[in-house]
Amino acid sequence: MTNIVKIFDTTLRDGEQAPGFSMSSEQKLRMAHSLEALGVDVIEAGFAAASPGDFEAIQTIAEAITGSTICSLARCNEGDIRASGEAIKPAKHGRIHTFIATSPLHREYKLKMSKDEIVRRAVAGVELAREYTDDVEFSCEDAIRTERDYLKRVCEAAIEAGATTINIPDTVGYTTPEEIQDLFEFLTTQVEGADQVIFSAHCHDDLGLAVANSLAAVRGGARQVECALNGIGERAGNCATEEVVMALNTRKDFYNLSTNIKTEGIYGASKLLATLTGNPVPRNKAIVGKNAFAHESGIHQHGVLANRETYEIMKPEHVGVSTDNLVLGKHSGRAALKSRASKLGFEMSDNQLQSVFVAFKELADAKKEVFDADLEALILGEAVGTQGPWAIESLYVSAGSDDKRTPQATVKLSHETGDVKQAVSEAAGPVNAVFLAISDITGHPLHLESFTVQSVSEGKDAMAEAAVLVSTEFESYHGRGASTDTVLAGAKAYLDVINRIERRAVRQASIAAQH
Ligand code: KIV
Ligand code: ZN
């Protein structure tokens, strides 16, 4: 048996389908580039039959990504499988992941199908998927609550039909490490044809055991783990990619197994996901939380100063957390900026580097010292928050404790068509006044659901990161912006949403024009 564990990342499918984590096609593509740079073996890019948007995102990712296998999920029915087959067609390496539930509860109440019928569906699904690609994964949904002899029968039928990966999901996060290890030992030794396929674990975190269960499955013979960055996914989420990878890496002495992940990219990828979805990583989150490598108590600090290993089992730089925190000044050049960004896990194209560099120079003028956290906010801000068509030309606000004067904002925006417009608005607070003025100019009356600001570094001139959640009549959007000025950061976040809405409308109009 190989000693490489494949990493099948489902951030863009199981993760993205969870409430509050949806991403646009453009955002998914950006995330897919980051997963490819991380060295993920398989990117589950979506569920092609779920919506035209999902189909388009998978197809776009399949065209752009060559370093990872691109996978689409499909139920075991003709429509889903054909949609997946079409969506992954442009991929250099494409996979169809087809599934059907096998547990008694799902058979009786959801599918209303007999055991034999499910086997027939599984076989037909795998055979059809094989018409599109040689790389077919089959999953028995709710495998953990399926009778063992029946699970064995379904797996054997799927292998016979041509499946190359057999996935055993703990769909409801019910299993324990001992139980799942035993199950994988059973399947990998008793299923006929087991030696021709890779067995895979897909664990949910309802009991907080997803990572422990995935590692136990690996001990039992799994050689693929399905996981999502920051542990996002249905309900309590999936096994966290960064945790399972770093557990295998840090405890190589125990597992004697490796992954293909370039661990230095973990922190950057996690941060990008948090930014794109507007869901910050909790401070105490393993591996990627702000406190993961912080040592606050005197005893710990003393130990770490004497020898880092007293309280650190991993080196922060191995997951892309930089410890030499002081970055660059206003005299630093593009090469230094690019190299520091790459240490932080961000690979930038020449165009991105140019726009980040301009923003960096402005920041370096406004701030004496630019820290990694500032730079990170800037890169993420430039990456997701500064694409047009609208840009802020100027912004002034007046606010204070004087009851007689209502906070007021004067905002001037330019549009890439050359139009420049200004509006003056009043509201109960200065930030609301800015949002109103932006809505006035752009003609987008959005409903603000939440607005948060956090400081990303220390000191009076720290960078502020603002995040907004706003909704139109049909959809909710996350937007973000960064600046040393809190109100400007908020304005950028609000405009980020409007720009995305407008870019999407242009894309949709051009697709409609082609048909
Ligand atoms: O949790 C689950 O069972 C799934 C399958 C579709 C693999 O996500
Ligand atoms: Zn799942």
Would you mention how many residues in the range 191-248 are of a type outside the set (A, V, I, L, M) and within 16 Å of Asp9 (Cβ to Cβ)?
20
Examine the range 163-173 for a residue that is outside any loop (DSSP other than H, G, I, E, B) and more than 16 Å from ligand 1 (Cβ to nearest atom), and state whether such a residue exists.
no
Might you check whether a residue that is open to solvent by 10 Å² or more (accessible area, probe 1.4 Å), of a type in the set (Ser, Thr, Tyr) and assigned to a loop (DSSP other than H, G, I, E, B) occurs anywhere in the range 269-285?
no
Of the residues in the range 413-471, those that are open to solvent by less than 60 Å² (accessible area, probe 1.4 Å) and part of a helix (DSSP H, G or I) number 10
Can you tell me which residues in the range 19-78 are of a type in the set (A, V, I, L, M), in contact (Cβ under 8 Å) with a residue 60 or more places away in the chain, over 16 Å from Glu226 (Cα atoms) and not in a helix (DSSP H, G or I)?
Met23
Among the listed residues Gly53, Gly46, identify the single one that is open to solvent by 30 Å² or more (accessible area, probe 1.4 Å) and touching a Gly at 6+ places or on another chain (Cβ under 9 Å).
Gly53
Contact list please: Cβ distance under 9 Å, first residue in the range 493-509 and acidic (Asp, Glu), second residue modelled with pLDDT of 90 or more and in a helix (DSSP H, G or I), pairs at least six apart or on different chains.
Glu502/Thr442
For the range 294-349, which positions are at pLDDT 75 or above, open to solvent by 80 Å² or more (accessible area, probe 1.4 Å), among the charged types (D, E, K, R) and in a loop (DSSP other than H, G, I, E, B)?
Lys315, Lys330, Glu347
I want to confirm something. Restricting to the range 1-18 and keeping residues that are open to solvent by less than 40 Å² (accessible area, probe 1.4 Å) and in a loop (DSSP other than H, G, I, E, B), which single residue is farthest from ligand 1 (Cβ to nearest atom)?
Val5
Would you confirm whether any residue within the range 190-199 is open to solvent by less than 10 Å² (accessible area, probe 1.4 Å) and within 30 Å of Ser270 (Cα to Cα)?
yes
Looking at the range 87-111 only, could you name the residues that are more than 13 Å from ligand 1 (Cβ to nearest atom), charged (D, E, K, R) and without any contact (Cβ under 8 Å) to a residue 12 or more places away in the chain?
Arg107, Glu108
Mind checking which pairs have a first residue in the range 198-211 that is within 20 Å of Asp41 (Cα to Cα) and a second that is open to solvent by 50 Å² or more (accessible area, probe 1.4 Å) and assigned to a strand (DSSP E or B), Cβ under 7 Å, 6 or more apart or different chains?
Ile198/Lys6
Hits in the range 111-151 - residues which are part of a loop (DSSP other than H, G, I, E, B) and surrounded by fewer than 15 Cβ atoms within 10 Å (Cβ to Cβ)
Lys112, Ser114, Glu131, Asp134, Glu147
The range 152-181, residues that are closer than 23 Å to Asn213 by Cα, more than 16 Å from ligand 2 (Cβ to nearest atom) and crowded, with 22+ Cβ neighbours inside 10 Å
Val154, Cys155
Here the residues within the range 213-246 that are within 15 Å of ligand 2 (Cβ to nearest atom), farther than 11 Å from His202 by Cα, over 14 Å from the mean Cα position of the chain (by Cα) and open to solvent by less than 10 Å² (accessible area, probe 1.4 Å) are Val244
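The values are calculated or read from the model by the stated rules, or taken from the named source; none is laboratory data. In this text the structure is predicted, and so the values were computed from the model without any measurement. Please note: Cβ atoms are built from the backbone with ideal geometry, for glycine as well, and neighbour counts cover all protein chains shown. Side chains are part of the model used for accessible areas, which takes the heavy atoms of the whole protein and leaves out ligands, DNA and RNA. Shrake-Rupley method; radii C 1.70, N 1.55, O 1.52, S 1.80 Å.
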